[in-house]
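Encoded as structure tokens, the structure appears first; notes follow it.
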Amino acid sequence: MAGTATKLIGAVLSVAIIGSAIAWLSRAEDAAPVSPAAGMHGGPPPGMPGHMRRYADGTYAATGNYISPAGREEIEIMLTVADDIVVDAHFTGKATHATSRTMQGRFGAGFREHVVGKPIDQIVLDVVNGSSLTPKGFMEALAKIKAEASS
């Protein structure tokens, strides 16, 4: 009988401790609500009032390179940034090989929908309209623009 009582008291204490921990955690969550619209660091996302800008507003141009089966190819991009959002984008293909010119043309026809209106830090292109190498040059040029705009 004494063993059963001890087990019962232990179970009741365990439930009480777990219940107290859950209540404490739920109060801690209520004290610091997190908005689903908050940025990665808890602040407002880019484009919202109170957002701490990371990049200077302006228009930036940069060249990016990549290696195709035909050799080294080059592209140029120009991005207009406002409040860390890309508000305009232009692409110039500078390929020397026929297949690369075709792929750069495909990229140029579809890249804007993946870039314009997006926070600059959230842009990641890997394949655009079937072009998988041109985005590598774009990402290299984007890194240069981000470095220039943040200095």
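The values are calculated or read from the model by the stated rules, or taken from the named source; none is laboratory data. The shown structure was predicted, so the numbers you read here are calculated from the model rather than taken from an experiment. Cβ atoms come from the backbone with ideal geometry, glycine included; neighbour counts cover every protein chain shown.
Taken as a whole, the range 91-99 holds at least one residue that is in a helix (DSSP H, G or I) and exposed (fewer than 15 other Cβ atoms within 10 Å of the Cβ).
Evaluate the range 126-136: report whether one residue or more is assigned to a strand (DSSP E or B) and closer than 23 Å to residue 56 by Cβ. No, the range 126-136 contains no residue that is assigned to a strand (DSSP E or B) and closer than 23 Å to residue 56 by Cβ. Just a yes or no: is a residue in the range 52-59 acidic (Asp, Glu), more than 16 Å from residue 132 (Cβ to Cβ), surrounded by 13 or more Cβ atoms within 10 Å (Cβ to Cβ) and at pLDDT 95 or above? Looking for residues that are acidic (Asp, Glu), more than 16 Å from residue 132 (Cβ to Cβ), surrounded by 13 or more Cβ atoms within 10 Å (Cβ to Cβ) and at pLDDT 95 or above, one finds at least one in the range 52-59, hence yes. Residues of the range 114-138 that are closer than 16 Å to residue 94 by Cβ and either of a type in the set (A, V, I, L, M) or not assigned by TED's automatic domain parsing to the domain that holds residue 78 (or both): 133 alone. Taking residues in the range 86-108 that are in the same structural domain as residue 75 (by TED's automatic domain parsing) and over 13 Å from residue 59 (Cα atoms), and partners anywhere that are in a loop (DSSP other than H, G, I, E, B) and among the small types (Gly, Ala, Ser), the pairs with Cβ atoms closer than 6 Å and at least 6 places apart or on different chains are 97/70; 100/70; 101/95; 104/95; 106/130. Looking only at residues in the range 104-143 that are of a type in the set (A, V, I, L, M) and more than 20 Å from residue 80 (Cβ to Cβ), which one is surrounded by the fewest Cβ atoms within 10 Å (Cβ to Cβ)? The residue in question is 127.
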